[in-house]
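Since the structure comes first, as structure tokens, the remarks are kept for the end.
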Amino acid sequence: MSEEHSKWGKLLIEGLEEALAYTRGEATDVRVHTVEVTARKAHLELPPYYPPHLIREIRHKLSVSQAIFGQMLGVSASSVRAWEQGKREPEGPTRRLLQIAERHPAVLKEACDEVFDAADVESAPPQTLHAPVQSPRRDRLAADTGFSRQRGS
């Protein structure tokens, strides 16, 4: 190896050692360059495909029913059932949530707070009441067809 290569190798090793020291918090007088990663410079892999048996396995790992698992993922129990039977496949956002549930089940449980007994939830007073939001499309449709919710108007 030439002298130039060994000098470059030494500089490279020194730089890596300095980076490790900075990462550990040992070096404070280090020049740091940060690079913003934008959509043009980044690529994110698509969430993986989940076969029926793996979806069932993830749900069993969480120890929840299909109905509760559906609520955790923001889908219906019938969707979970269809996935586990191989009749349908989960789509993008749900596949990403399944990926999180598979790798970090505690994170999904934490995001969903707690699973409550249905009897406790029904007897407890509601915490927040939301008025139904009238859809502008429904109003326009009613106006176009002459249909009114109140008869006789």
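Each reported figure results from applying straightforward, stated rules to the coordinates on display, with no laboratory input. The model shown is predicted, which means the values in this text are computed figures rather than measured ones.
Tell me, what HN-Hα J-couplings in whole Hz come from the Karplus equation 6.51 cos²θ - 1.76 cosθ + 1.60 at θ = phi - 60° for each residue of region 15-23, using x for Gly and Pro?
Karplus values, whole Hz, x for Gly and Pro: x, 5, 5, 5, 5, 5, 5, 5, 4.
If the reach is capped at under 20 angstrom between alpha carbons, list the lysines near LYS61, excluding any in the same chain fewer than eight residues apart.
Qualifying lysines at Cα under 20 Å: LYS109.
Suppose we keep just the alpha-carbon trace of region 39-99; what are its Rg and Dmax in angstrom?
12.6, 41
Quick one: which residues, 5 or more positions from ARG88 or on another chain, have an amide H under 5 Å from its amide H? H modelled 1.01 Å from N in the peptide plane, none for Pro or chain starts.
Those lying under 5 Å, H to H, from ARG88 are TRP83.
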